[in-house]
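Peer 1: Dropping a structure here in structure tokens format, bear with me for questions.
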Amino acid sequence: MFAPARRRESLFALYAFNYEVARVRETVSEPVLGQIRLQWWRENIVAAFEGGPVRHHIVVEPLTAAIRAHGLTRAHFDRLINAREEGLDKAPFTSLAVLEDYAEATSARLVYLALESLGVRDPAAEKAGFHIGIAYALAGLLRSMPYQPRVSRALASAEIAAAASRHLGLARSRRSAIPRSALPALLPAIVAERWLKRLARAGFDPFDRALTARDPLQSWRLAIASLRNRY
């Protein structure tokens with residue numbers, strides 16, 4: 001909602017697509033069913049890029065329009081879907097490096113596509129998006145641990161949180177070089193930072209019941225960040 005009105009439909013479609021592929025793992029009873037669903041999305045992405053007719057679908061049609069209107073990068077979609085397919089085996093992430101690679105392939109790729117949807121093709125903005133995407137994904141994985149544990153016990157939540165904070169710091173070190181038009185795609189940094197602060201107050205225990213409460217001021221935090229041109 002902080003993006004220019006003419007760009008919002010494309011962003012809505014992009015985030016709806018991400019929601020659809022992200023939830024496949026939790027909605028199928030076995031990996032092969034997830035592979036079938038993700039292949040369906042692959043086929044629709046191919047049709048969108050090749051200019052052919054696409055299926056009548058509440059997400060596919062506006063996503064196709066966004067792809068064609070803004071010249072979105074197909075490789076980002078391919079990498080994102082492939083990573084989601086690799087995650088279907090339900091095996092926990094066993095190292096921080098593997099976790100960060102998955103975060104880049106999913107969350108950071110979504111930020112890249114959001115930047116392109118905003119008309120931003122700037123190396124500094126993309127590098128900030130790389131770090132913000134990883135930080136946001138790491139924070140999200142920590143937040144979901146009580147419900148869908150995907151992290152090996154060999155990895156401590158404090159270690160993952162520290163990595164997320166490090167990525168946020170690296171993203172913000174480039175802030176002066178980022179065009180304002182990129183800001184709507186980078187605001188997830190505000191959400192990730194707030195969650196990490198709450199986790200720290202809970203002693204890095206992701207199972208602390210206090211963390212289940214919603215942040216009633218999140219919309220205001222995002223609005224203030226947008227007005228101040230900060231992420």
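The values are calculated or read from the model by the stated rules, or taken from the named source; none is laboratory data. Just so we're clear, the structure is a prediction, and the values are computed from it rather than from any experiment. With ideal geometry, Cβ positions are generated from the backbone for all residues, glycine too; neighbour counts draw on all protein chains shown.
Peer 1: Within the group 108, 75, 69, 65, which residue is closer than 20 Å to residue 15 by Cβ, buried (at least 20 other Cβ atoms within 10 Å of the Cβ) and either outside the structural domain of residue 163 (by TED's automatic domain parsing) or small (Gly, Ala, Ser) (or both)?
Peer 2: Details: 75 fails: buried (at least 20 other Cβ atoms within 10 Å of the Cβ); 69 fails: buried (at least 20 other Cβ atoms within 10 Å of the Cβ); 65 fails: buried (at least 20 other Cβ atoms within 10 Å of the Cβ).
Selected residue: 108, the only one of 108, 75, 69, 65 that is closer than 20 Å to residue 15 by Cβ, buried (at least 20 other Cβ atoms within 10 Å of the Cβ) and either outside the structural domain of residue 163 (by TED's automatic domain parsing) or small (Gly, Ala, Ser) (or both).
Peer 1: Within the set of pairs 6 or more residues apart or between chains, which connect a residue that is in the same structural domain as residue 136 (by TED's automatic domain parsing) inside region 210-231 to a residue that is loosely packed, with under 10 Cβ neighbours inside 10 Å and part of a helix (DSSP H, G or I) with Cβ atoms less than 6 Å apart?
Peer 2: Qualifying pairs under 6 Å: 229/180.
Peer 1: Also: Output the residues belonging to region 202-231 that are part of a helix (DSSP H, G or I), of a type in the set (D, E, K, R) and surrounded by fewer than 12 Cβ atoms within 10 Å (Cβ to Cβ).
Peer 2: Our first condition is that a residue be part of a helix (DSSP H, G or I); within region 202-231, this holds for 209-212, 218-227.
Checking which are of a type in the set (D, E, K, R) leaves us with 209, 221.
Matches in region 202-231: 209 only.
Peer 1: In this structure, is residue 129 at pLDDT 95 or above, more than 15 Å from the chain's Cα centre (by Cα), farther than 20 Å from residue 41 by Cβ and not aromatic (Phe, Trp, Tyr)?
Peer 2: Numbers: at pLDDT 95 or above: yes; more than 15 Å from the chain's Cα centre (by Cα): no; farther than 20 Å from residue 41 by Cβ: yes; not aromatic (Phe, Trp, Tyr): yes.
No: the conditions fail for residue 129.
Peer 1: Also, quick follow-up: Suppose we filter region 178-200 for residues that are farther than 22 Å from residue 7 by Cα and touching a helix residue (DSSP H, G or I) at 6+ places or on another chain (Cβ under 8 Å); how many remain? Show your work before the answer.
Peer 2: Going through region 178-200, the residues farther than 22 Å from residue 7 by Cα turn out to be 192-200.
With the extra rule that they be touching a helix residue (DSSP H, G or I) at 6+ places or on another chain (Cβ under 8 Å), the set shrinks to 192-196, 198-200.
The number of residues fulfilling the criteria is 8.
Peer 1: Right, next: Can you confirm whether region 8-23 contains a residue that is touching a residue at least 12 places away in the same chain (Cβ under 8 Å), surrounded by 13 or more Cβ atoms within 10 Å (Cβ to Cβ), basic (Lys, Arg) and within 25 Å of residue 140 (Cβ to Cβ)?
Peer 2: First, the residues of region 8-23 that are touching a residue at least 12 places away in the same chain (Cβ under 8 Å): 9-18, 20-22.
Those still in the list that are surrounded by 13 or more Cβ atoms within 10 Å (Cβ to Cβ) too: 9-18, 20-22.
This time we only want the ones that are basic (Lys, Arg), so: none.
Checked against the condition, which is being touching a residue at least 12 places away in the same chain (Cβ under 8 Å), surrounded by 13 or more Cβ atoms within 10 Å (Cβ to Cβ), basic (Lys, Arg) and within 25 Å of residue 140 (Cβ to Cβ), region 8-23 yields no hits at all.
Peer 1: A follow-up question, please. So residue 101 clears everything in (1) exposed (fewer than 14 other Cβ atoms within 10 Å of the Cβ); (2) part of a helix (DSSP H, G or I) except one condition, right? Which one?
Peer 2: All conditions are met except number (1).
Peer 1: When region 79-96 is examined, which residues are found to be surrounded by fewer than 16 Cβ atoms within 10 Å (Cβ to Cβ) and either out of contact with any strand residue (DSSP E or B) (no Cβ under 8 Å at 6 or more places or on another chain) or modelled with pLDDT of 95 or more (or both)? Lay out the reasoning, then the answer.
Peer 2: Restricting attention to region 79-96, the residues satisfying the condition of being surrounded by fewer than 16 Cβ atoms within 10 Å (Cβ to Cβ) are 82, 86, 89-92, 94-95.
Hits for region 79-96 are 82, 86, 89, 90, 91, 94, 95.
Peer 1: At least 2 residues that are at positive phi in each: list the helices (runs of 4 or more DSSP H) lying fully within region 22-74 that qualify.
Peer 2: By residue number, no helices (runs of 4 or more DSSP H) qualify.
Peer 1: In region 1-21, which residues are of a type in the set (D, E, K, R) and either within 19 Å of the chain's Cα centre (by Cα) or in a loop (DSSP other than H, G, I, E, B) (or both)? Lay out the reasoning, then the answer.
Peer 2: Of all residues in region 1-21, those of a type in the set (D, E, K, R) come to 6-9, 20.
Scanning region 1-21 gives 7, 8, 9, 20.
Peer 1: May I pose another question? Give the residue, chosen from 170, 115, that is over 19 Å from residue 77 (Cα atoms), among the hydrophobic types (A, V, I, L, M, F, W, C) and either surrounded by 15 or more Cβ atoms within 10 Å (Cβ to Cβ) or touching a residue at least 12 places away in the same chain (Cβ under 8 Å) (or both). Can you show your working first?
Peer 2: Details: 115 fails: over 19 Å from residue 77 (Cα atoms).
Matching residue, one of 170, 115: 170.
Peer 1: Scan 78, 89 and give me the residue that is touching a Pro at 6+ places or on another chain (Cβ under 7 Å) and over 26 Å from residue 183 (Cβ atoms).
Peer 2: Values: 78 fails: touching a Pro at 6+ places or on another chain (Cβ under 7 Å).
Residue meeting the stated conditions: 89.
Peer 1: In addition: Residues to consider are 129, 133, 140; find the one that is in a helix (DSSP H, G or I), surrounded by fewer than 24 Cβ atoms within 10 Å (Cβ to Cβ) and not aliphatic (A, V, I, L, M).
Peer 2: Values: 129 fails: surrounded by fewer than 24 Cβ atoms within 10 Å (Cβ to Cβ); 133 fails: surrounded by fewer than 24 Cβ atoms within 10 Å (Cβ to Cβ).
Answer to the selection: 140.
Peer 1: Right, something else. Would you confirm, using the coordinates I've provided, whether residue 95 is more than 25 Å from residue 64 (Cα to Cα), in contact with a Ser or Thr (Cβ under 7 Å, 6 or more places away or on another chain), not assigned by TED's automatic domain parsing to the domain that holds residue 11 and not β-branched (Val, Ile, Thr)? Steps first, please.
Peer 2: Numbers: more than 25 Å from residue 64 (Cα to Cα): yes; in contact with a Ser or Thr (Cβ under 7 Å, 6 or more places away or on another chain): no; not assigned by TED's automatic domain parsing to the domain that holds residue 11: yes; not β-branched (Val, Ile, Thr): yes.
Criteria not met by residue 95.
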